[in-house]
Every structure is written in C-alpha cells, then in structure tokens.
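Below: the structure, in structure tokens.
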Amino acid sequence: MTGSSAPSTTADAGRGTLLTALANQETNLSVAADRETVVSVRDIKDWAKAGRVKQLWHYDTARLLTPDVEFVQRPLRAAIALRLGEIAPLQLTLLGGVRAARDGAPIELAPRLQAIVVLLALGQGRERIADLLWPELAPGAARNNLHVNLNKLRRAVEPWGVATHVGEAALLHATSDVEAVEQALREGDAGRVAALFAGELAPGLDLEPVREARERLHRAVVACLANAAAALPPAEAEPLLARVLELEPLHEPAMERLLRLLAGSGRRARAIELYEGFRERLGNEVGARPLPATRAAVDAES
C-alpha cells in the first residue's frame with residue numbers, strides 16, 4: 001500500500017477472511033497489496049474509528065468488491081448491514097448432537113449457548129427460554145442471565161456486530177438438518193429421510209419442548225420409513241425396514257416384514273437369528289412374546 005501503513009493485520013481463521021479496501025491520508029482509495037489481507041474484527045473496528053475504512057466487503061468473502069461510492073465514509077456497521085444478504089447462512093446440526101458452522105468452518109459454542117440455539121430453532125420465545133434454562137431464579141434474574149448469554153451467542157455467530165442470525169424469538173438466516181429432514185418428510189421422500197436423519201434431536205438436552213420435538217420427529221421418521229417399506233418391492237424395502245428397527249428395535253410390523261423378506265430370499269438362518277434376538281429383547285423389556293405372525297414369518301417360503 002502507498003502512504004502511511006495500516007495497522008498490522010491479524011490472522012483469525014475462526015472468524016473467516018475479511019477483504020478490505022482501505023483509504024489512507026494520502027490517497028483516495030488503496031487496497032491491501034496482496035488483495036486478500038486477513039484481518040481481525042478488532043482491526044477493522046479500529047480502522048473505522050480512525051476514519052480509515054474506505055470500503056468494507058462482507059465477512060467470509062473470497063473476492064474484493066469494486067469500489068463503490070455508497071461505502072465512502074459510512075460507519076462500519078452500516079457498511080456491513082448493506083451486505084448482510086451476502087453473508088453465508090449459519091449452518092446448524094441438531095441431530096445426533098448440536099454444532100454450528102459457517103461455510104464449513106465450525107463455530108465453538110458452550111453447552112448453554114447450544115441449548116439456546118436449539119430452543120430458538122424450535123421457535124421458543126425469550127421468556128420461555130429464560131424460564132426453561134434458569135427455573136430456580138426469579139423471572140427478572142432469569143431474563144438477565146439470558147440477555148448475557150445471548151450477547152455471548154451473538155459474539156460467537158455475529159462477530160461483525162450487526163444482527164444477522166439471532167432474532168427476537170427465532171434464528172435468522174440459518175439452515176439446519178432438522179429443516180432438511182422435515183422437508184423430506186413433507187415430500188414423502190423416504191430415501192432422503194433415512195439418509196438425513198443422523199440421530200435424535202439434541203440428545204441429552206432434557207427440556208420439555210426439546211423432548212416433545214424430539215419425540216414428534218422420531219415418530220414421523222419411523223412412520224415415513226415403515227409406510228414406504230410396505231409399498232416397495234423387497235430389495236428396496238429391506239434397508240428401510242432395517243433402519244426402522246435401528247430406530248425402534250421393538251417395532252414388530254417392521255420385524256415381521258423383514259423376517260419374511262429374509263426367509264423368502266433364502267436367508268432363513270439370518271431370519272432366525274434376528275427373530276431370537278427380537279423375542280429375547282421383547283421379553284426382557286416389556287414382558288411380552290412375539291405375535292404368531294412374527295414367528296411364522298421365519299418359515300416363509302421363497
């Protein structure tokens with residue numbers, strides 16, 4: 001760069017790459033010499049306070065914006081706000097665990113922040129979230145705790161300081177694996193449901209709305225796979241039936257159909273093995289015996 005030097009840049013892979021065009025005292029516009037200067041959010045804010053940011057390109061970009069007069073002398077946050085639509089969505093994994101990422105780069109969230117993310121993703125309002133997470137506190141104290149933790153969450157997922165993902169009663173500009181499964185369920189695409197359902201919703205998070213959503217999604221997935229298997233030919237039905245039994249080991253209609261498929265295709269030894277395991281588990285867990293039709297399925301002929 002020409003003229004006086006800019007503050008030293010700081011590599012900050014956790015926050016991504018900010019590409020900037022900087023104005024200095026001697027020139028109207030100048031850019032970083034390598035055109036891909038990695039800087040921290042703190043550096044950018046310091047430059048803004050000093051009036052040295054001519055133009056700001058959005059977080060996590062891969063190219064430099066053509067100089068545009070609308071950015072000249074705009075405050076940092078206003079400049080970022082104009083580019084919010086180009087910021088990559090927050091990617092949430094809620095099945096089999098709770099994780100967040102942007103453009104594939106993980107965002108570390110403490111367990112309390114993970115719980116808040118899950119509850120916001122489920123559409124819980126702030127007062128409800130405060131009550132759920134701090135039931136032992138007075139309402140005002142619980143809301144204060146939530147306010148503190150929401151600020152921590154914003155710093156983690158919105159380090160540029162402009163509201164992007166954390167709304168008043170929901171997450172904004174975010175995608176999740178739960179939404180993908182629900183879309184596949186609406187479309188009746190059992191194959192996609194089986195592939196996308198990577199585990200239970202937020203396992204280990206024992207809060208009433210989470211339990212209810214977890215059970216509702218689980219039932220919907222099992223019903224979708226079982227119903228699809230009933231209408232498919234044996235070769236296509238078998239993996240879906242196996243997945244149903246993985247999710248609900250005591251699902252007897254699925255077990256009966258799978259035993260018939262195995263016995264009917266010459267795999268009677270495998271059918272007997274599965275039946276004996278099912279019979280033992282059914283007796284141990286609920287004190288019941290398999291239905292006669294389930295036992296008869298082992299002897300099905302091809």
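The values are calculated or read from the model by the stated rules, or taken from the named source; none is laboratory data. Remember, predicted model here, so these are calculated numbers, not experimental data. As a convention, Cβ positions derive from the backbone with ideal geometry for all residues, glycine included, and neighbour counts pool all protein chains shown.
Taking the range 198-236, which residues are loosely packed, with under 15 Cβ neighbours inside 10 Å, in contact (Cβ under 8 Å) with a residue 60 or more places away in the chain and either not assigned by TED's automatic domain parsing to the domain that holds Arg112 or not in a loop (DSSP other than H, G, I, E, B) (or both)? Across the range 198-236, the qualifying residue is only Glu208.
Within the range 264-281, if we keep just the residues that are within 39 Å of the chain's Cα centre (by Cα) and of a type in the set (Lys, Arg), the residue that is farthest from His251 (Cα to Cα) turns out to be Arg270. Going by what's in this entry, would Leu171 be described as under 30 Å from Arg112 (Cβ atoms), in the same structural domain as Leu94 (by TED's automatic domain parsing) and touching a helix residue (DSSP H, G or I) at 6+ places or on another chain (Cβ under 7 Å)? The answer is yes for Leu171.
For Ala226, indicate whether it is closer than 15 Å to Glu246 by Cβ and over 20 Å from the mean Cα position of the chain (by Cα). Break it down into steps so the answer makes sense when it comes.
On the way: closer than 15 Å to Glu246 by Cβ: yes; over 20 Å from the mean Cα position of the chain (by Cα): yes.
Against the criterion (closer than 15 Å to Glu246 by Cβ and over 20 Å from the mean Cα position of the chain (by Cα)), Ala226 qualifies.
Report, by residue number, each residue of the range 100-121 that is within 25 Å of Ala142 (Cα to Cα), over 10 Å from the mean Cα position of the chain (by Cα) and not β-branched (Val, Ile, Thr). Within the range 100-121, Glu108, Leu109, Ala110, Pro111, Arg112, Leu113, Gln114, Ala115, Leu119, Leu120 qualify.
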